Amino acid sequence: MILIEIRNVTKRFGDFIAVDNVSIEIQAGEFFTILGPSGCGKTTLLRMIAGFDAPDSGQILLEGKDIIDVPPERRPFHTVFQSYALFPHMTVADNIGFPLKMSGKTRHEIMTLVTKALEEVELSQFGNRYPHELSGGQKQRVAFARGLINQPRLLLLDEPLGALDEKLRENMQRELINLQAEAGVTFIYITHAQNEALALSHRIAIMNQGKIEQVDEPARIYNFPMNRFVADFIGKINMLDASVIEVSSSHLKLRVTGLGEITVPAKACIKINDRGVLAVRPEQIRIAPEASEMNTGLQFIGKIKGFFYIGDVTTYNVELPNNTWIEALLPNSEPGHAKLFEIGDTVVVSWSEQSAQFLPN
Amino acid sequence: MQRRMTLLWIASILVYTFLYIPLIIVVIFSFNNSKLNAEWVGFTLHWYQTLFHNHEMLLAARNSLIIAISASTLATLLGTMAGLAIHRYKLKILPILAFTPVAMPEILLGVSLLLFFLQVLNLTLGMFSIIIAHTTFCIGFVAIIVRARLQGMDDLIFEAARDLGATPWQTFYHITLPLIRPAIIAGALMSFTLSIDDFVITFFTKGVGEPILPIQIYTMIKVAITPEVNAVSTLLMLLTLTLIFVATRFDTSVLRSESK
């Protein structure tokens, strides 16, 4: 069932088009993420859904009814802000109970529900504290509890984990997944952190310069990016300039300068002589010592130019025969080894036909 | 580091001494059993007794209180509204319009108000004209304080309130008002003290009728600085201190710049 439909929404600020003819459908119960670099228009889009800004054109539909003229307080949505936006003059309990108070619940009902909510976010002893007496993670949990207390149809989250440190963020990500599953509330999550988007979402919309580039499940976004922007924005990817020399229903044949002809899986709407890039993820690239035997037809001799040790993995920079550098990622599964190759080593570089793809310019 | 701290202490003691010695002297000499403000003779409450029998002075004090309370109430109301508007609508002209009277030399304001009352409004000068004049120059102070308070706050909390189901009025009542309350109280206090001891503007807009406290005091020292003036000043000081005390009891963050 479609809960929210954004239909051809455009928003301008002066000459600047913040949101450019965006259309998205969001299912009830979905964890939907809008991912994009800062300034791509994702927050503007969120503010229009929440009702703080009105679109210049287009419609926002809640279960088929246009809600453009409904003020924020009458939309059954709540927002969790990056700055938490807790009311500084109210206790934690009063903050969480605020939506209930506004909807006219009795003091007794409010107390019962707030006590339960405080337990759920493990802040039972903190009901009488003020927001400035809480840590970042605790404030975050208060903001979630406040946003979910009167079971909104939709929770909008604007980079809610942005202000937390790395370790806490990972814990909160796990909590968020549980929270969403338990509450059964539809989430629209705004972030610029791609790993967060991949880890949390059912579906992701990639946004760039006010436009939606691709809407898909995380694994499909990662493995089958629609264009160069998506490929580059999500994870790392090696790109080699290429042009199409043969098109068939099962594959494309590309010419890559200095490397010869390389076959990749077929793709819709590609014609002969199209220019673009051959794209391969670093973890899909295999490198092996020079002498070792390789079964695949596709292989090149490369030279190790550098490496970057992260701990669990090491990234190697390998120079290909056409003098371009690519990155290959190898897990450090052998104990005690920081790297498997030395700078200057000659290696055999290869990848499977299925793991590479052509992205047109 | 240690030496720096010592210097800092010495400097602050000097500054505070410079500020408070004259005030302390006024208080002491208001109890001095001598007609001259020269040397300490002995303790007396005589000057306070004279003061309370001075009909003209009591009338002036009553008038000044009425003016200060009315003007500060009006200025607080209008100034708070101005502060909110300046913060909300980012029109560059608004702060200029509201804050200019604050920076304007009082004498200029006095003269222009006088001309305005007499020639444009055809008003008879008196209590009413003084209240309007005082309200005019106090609005700016209240607006500045309220706006400064709002600037230090996360604007998102007002949107968050709307988002969580509060109408614009509920947002004002439950969120905005409690948050700017310290600023409103500080503004009201400031307006009151500015109004009660204002001389220049009062002088221009008072007309000939009612006696007003600062002008009454001035008339007294034109003859001679009597200890009676010291007594009035001491009482005025007491009133101000009480107000500050009450305000801080009412809300402890009035005199602190940070938000709770």
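The values are calculated or read from the model by the stated rules, or taken from the named source; none is laboratory data. Everything quoted here is computed from the prediction, not taken from an experiment. Cβ: placed from backbone, ideal geometry, glycine included. Neighbour counts: every protein chain shown.
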- Single residue of the range A:60-76 satisfying the filter (part of a loop (DSSP other than H, G, I, E, B) and free of Cβ contacts under 8 Å to residues at least 40 places away in the same chain) that is nearest to B:Glu159 (Cα to Cα): A:Pro71
- Query: Where residues in the range A:242-279 are within 16 Å of A:Thr324 (Cβ to Cβ) and without any contact (Cβ under 8 Å) to a residue 40 or more places away in the chain, which of them is farthest from the chain's Cα centre (by Cα)?
  - Reply: A:Gly260
- For the range A:76-100, what are the residues that are at the interface with chain B (Cβ under 8 Å from one of its Cβ atoms) and not hydrophobic (A, V, I, L, M, F, W, C)? A:His78, A:Thr79, A:Ser83, A:Pro88, A:His89, A:Pro99
- Message: Consider the range A:35-53. How many of its residues are within 14 Å of chain B (Cβ to nearest Cβ), out of contact with any Ser or Thr (no Cβ under 8 Å at 6 or more places or on another chain) and over 13 Å from A:Arg7 (Cα atoms)?
- Response: 5
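Do you know which residues across the range B:157-189 are free of Cβ contacts under 8 Å to residues at least 24 places away in the same chain, surrounded by 19 or more Cβ atoms within 10 Å (Cβ to Cβ) and within 8 Å of chain A (Cβ to nearest Cβ)?
B:Ile157, B:Glu159, B:Ala160, B:Ala161, B:Arg162, B:Asp163, B:Leu164, B:Gly165, B:Ala166, B:His174, B:Ile175
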- Message: Of all residues being of a type in the set (S, T, N, Q) and not in a loop (DSSP other than H, G, I, E, B) in the range B:18-69, which is farthest from B:Thr135 (Cα to Cα)? Just the residue, please.
- Response: B:Asn32
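Looking for something closer than 20 Å to B:Asp163 by Cβ and either out of contact with any strand residue (DSSP E or B) (no Cβ under 8 Å at 6 or more places or on another chain) or within 14 Å of chain B (Cβ to nearest Cβ) (or both) - is there at least one such residue anywhere in the range A:2-13?
Looking through the range A:2-13, none of the residues is closer than 20 Å to B:Asp163 by Cβ and either out of contact with any strand residue (DSSP E or B) (no Cβ under 8 Å at 6 or more places or on another chain) or within 14 Å of chain B (Cβ to nearest Cβ) (or both).
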- Task: For A:Ser57, indicate whether it is on the phi < 0 side of the Ramachandran plot, assigned by TED's automatic domain parsing to the domain that holds A:Gln209 and touching a residue at least 60 places away in the same chain (Cβ under 8 Å).
- Result: no
- Does the range A:34-51 include one or more residues that are modelled with pLDDT of 90 or more, in a strand (DSSP E or B) and over 27 Å from B:Thr167 (Cα atoms)? yes
- Item | Residue among A:Gly137, A:Gly127, A:Gly104 that is on the phi > 0 side of the Ramachandran plot and without any contact (Cβ under 8 Å) to a residue 40 or more places away in the chain | A:Gly104
- Note on the structure: Counted residues in the range B:33-75 being out of contact with any helix residue (DSSP H, G or I) (no Cβ under 6 Å at 6 or more places or on another chain), among the polar types (S, T, N, Q) and in contact (Cβ under 8 Å) with a residue 40 or more places away in the chain come to 4
- Note on the structure: Given (1) facing chain B (nearest Cβ under 10 Å); (2) within 20 Å of A:Arg203 (Cα to Cα), A:Pro71 misses just (2)
- Message: I need the full set of residues from the range A:123-142 which are buried (at least 18 other Cβ atoms within 10 Å of the Cβ) and of a type in the set (D, E, K, R), in order please.
- Response: A:Lys139, A:Arg141
- Can you tell which of B:Thr202, B:Thr242 is within 23 Å of B:Gly126 (Cα to Cα) and either among the basic types (Lys, Arg) or modelled with pLDDT of 85 or more (or both)? B:Thr202
- Of the residues in the range A:115-157, how many are more than 14 Å from chain B (Cβ to nearest Cβ) and basic (Lys, Arg)? 2
- Within the range B:25-55, can you find the residues that are closer than 19 Å to B:Ile221 by Cβ and of a type in the set (Val, Ile, Thr)? B:Ile25, B:Val26, B:Val27, B:Ile28, B:Thr50
- Could you check, for the range A:159-171, whether at least one of its residues is modelled with pLDDT of 85 or more, within 14 Å of chain B (Cβ to nearest Cβ) and crowded, with 20+ Cβ neighbours inside 10 Å? yes
